[in-house]
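Below: one structure, written as structure tokens.
What follows is calculated from the coordinates using simple rules that are stated; it is not laboratory data. Just so you know, these numbers come straight off a predicted model, no measurement behind them. Every residue, glycine among them, receives a Cβ derived from its backbone with ideal geometry; neighbour counts consider all protein chains shown.
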Amino acid sequence: MITGEKQDKVFTRDFFRKVGKAIHDYHLIEDGDRILVGVSGGKDSLALLEVLAMRAKDPKQNYTVIAAHIAVEDVAYEVDGEYLRGFCERLGVEYVYRTIRVDTTVNPKKPACFVCSWHRRKMLFDIAKEYDCKKLALGHHRDDAVESLLMSMMFNGTICSMPARLEMFKNTFTLIRPLIYLSNDETSRYAEMRQFKKQKKHCPHEKATNRDAVSKLLDQMEAISPHARSNLFAAMQNIREDYLP
Ligand SMILES: Nc1ncnc2c1ncn2[C@@H]1O[C@H](COP(=O)(O)OP(=O)(O)OP(=O)(O)O)[C@@H](O)[C@H]1O
């Protein structure tokens, strides 16, 4: 009989293998890289940080990981940055904590979440520059990419999503998503297994988003076709242009 411990071991090995495969397939990490990892405190970015930091301990690997958390004033978190500091300390990773103030009233046409996310991203780019990191790693996973694909088709009439590797600023900077082959269920299981502390945002602007609605739509699709999410992801790598209008 396979014990729970054995199952966890197998799962963890597979989890690391999928991150490794994404790194290999998309050339996400090169020798000497200094990688800034954006850590929101959510399960995905904590998992990302842990996996990248643990891989980096392998003498065959030659890259450095730095973690950054951006706290947004007026958006209270149930768990403060101290948990993240301890998390990074245990991994032996340098931790950068910054606070920003976001005025969402400046541009009332833009949704508050968009403005806030833009400012957080901007701060991550600034920190990356300050710490001489040419790469920024984000915790988006396969299901985020599938949701983005559907959203872009439904709301914008375009087929695009989240690339695993995106060159930016005239190829001087690279955004990477090493969790791109992992599902939300897998990162949830990893977080549970590793007993990550849950952080709950109490954002005054948070309300039902199009992304939430699309996620529910995908749940309905999976009730019809159990592999809908993985097939939609696979579809992005299997485009039959000749059979498109
Ligand atoms: N406050 C933040 N500070 C640093 N990085 C962040 C922050 N918020 C988001 N990020 C980065 O952007 C990615 C996507 O953000 P998003 O808001 O979709 O994730 P989340 O649901 O808050 O948390 P997670 O993806 O970590 O579970 C995160 O995985 C993380 O890498």
Next item on the list: Per residue, how big is the convex hull around the C-alpha atoms of region 4-238? Give it to me in cubic angstrom, could you?
Entry: 151 Å³
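According to the Kirkwood expression over distinct Cα-Cα pairs, how big is the hydrodynamic radius of region 83-155, in Å?
Values: mean 1/r = 0.0662 Å⁻¹.
Over region 83-155, the inverse of the mean reciprocal pair distance is 15.1 Å.
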Item checked: Global form of region 117-192, assessed from the alpha-carbon gyration tensor, a/c cut-off 1.5 -> oblate
Notebook entry, point to check: Restricting to region 4-238, what percent of DSSP beta bridges are antiparallel, rounded to 5?
Noted result: 25 percent
Margin query: Which of SER161, SER225, SER188 has the fewest other C-beta atoms within 10 Å, and how do the rest follow up to the most?
Written below: SER225, SER188, SER161
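Quick one: order ASP31, ASP143, ASP212 by neighbouring beta-carbon count within 10 Å, fewest to most.
Numbers: ASP31 7, ASP143 22, ASP212 11.
Ascending number of Cβ neighbours within 10 Å: ASP31, ASP212, ASP143.
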Check: To the nearest 0.05, how large is the calculated FRET efficiency for GLU241 and TRP118 if R₀ is 22 Å and r is the Cβ-Cβ distance?
Finding: 0.10
Check: How many angstrom lie between the C-alpha centres of region 217-243 and region 47-113?
Finding: 32 Å
